[in-house]
Amino acid sequence: FLLLQSGVSEASSPIHENVGFMAYNTLAGGVLTGKYLSGPPPAPDDKDLLRARGSMAKPRGRMDTMGWGRTLYRYRSEPASQAVREYAKLADKYGMSLTEMAIKWCQSRDLVTSTLLAHTSMQQLRQCLEIAKDSTYNSDGSRRLLLPEELMWEIDRVHMKNRLPVFASERVGRDWYGEGEIGERIP
């Protein structure tokens, strides 16, 4: 459950099962930290083989590894990348990092009961813990607003342009032959 993939929320509403979610991969393998917005592309996507090898030798995060980098391609599809760029602009507009916005967005959702934080370095772990330490509840037990209401609406507007960007692709054509972005078979 994350900014780029929140389609399961309807299943957890009180009208259905009323179960909570533990949000995991909150930062989309590092994509929602913004570290892949500038500089070279993640190693599996880099056409410059020498630079890709350099990225793998000193990875910025999971996206610079061949194992996770290939598996987590869905977070780097063009529709997902476009959403990340829009979210980054919103975070900047509201004076926060993309990491902060992504974590607080998850924590602010009623269906999320806990948020699993992942990190690449001790510095990132400290940053994530600092962001997450704010209690999501007021002393009277009511849910605390972690992000401004207008920002939540702006996030929703980005979301409504493509509700599941991690499963969307602009790379389909006559040569597609029934395979998806990461090679999964389509029935």
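The values are calculated or read from the model by the stated rules, or taken from the named source; none is laboratory data. A quick note: this is a predicted structure, and the numbers were derived from the prediction, not measured. Positions of Cβ are generated from backbone atoms using ideal geometry, with glycine treated the same way; all protein chains shown enter the neighbour counts. Quick note on the areas: whole protein, heavy atoms, side chains included, nothing else; ligands and nucleic acids left out. Shrake-Rupley method; radii C 1.70, N 1.55, O 1.52, S 1.80 Å.
None of LEU151, LEU147 is at pLDDT 85 or above, open to solvent by less than 40 Å² (accessible area, probe 1.4 Å) and more than 25 Å from VAL19 (Cα to Cα) except LEU151. The conditions of being of a type in the set (A, V, I, L, M, F, W, C), in contact (Cβ under 8 Å) with a residue 12 or more places away in the chain and open to solvent by 50 Å² or more (accessible area, probe 1.4 Å) are met by LEU116.
Quick grid of which residues meet (1) modelled with pLDDT of 80 or more; (2) closer than 19 Å to LEU117 by Cβ:
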| site | (1), (2) |
| --- | --- |
| PHE1 | no, yes |
| SER9 | no, no |
| LEU32 | yes, yes |
| ARG51 | yes, no |
| SER55 | yes, no |
| ARG70 | no, no |
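Filtering the range 78-93 to residues that are within 18 Å of ASP46 (Cβ to Cβ) and either more than 13 Å from the chain's Cα centre (by Cα) or surrounded by fewer than 21 Cβ atoms within 10 Å (Cβ to Cβ) (or both) leaves GLU78, SER81. Could you tell me whether the range 119-126 includes any residue that is assigned to a helix (DSSP H, G or I), at pLDDT 75 or above, charged (D, E, K, R) and within 20 Å of ARG62 (Cα to Cα)? Looking through the range 119-126, at least one residue is assigned to a helix (DSSP H, G or I), at pLDDT 75 or above, charged (D, E, K, R) and within 20 Å of ARG62 (Cα to Cα).
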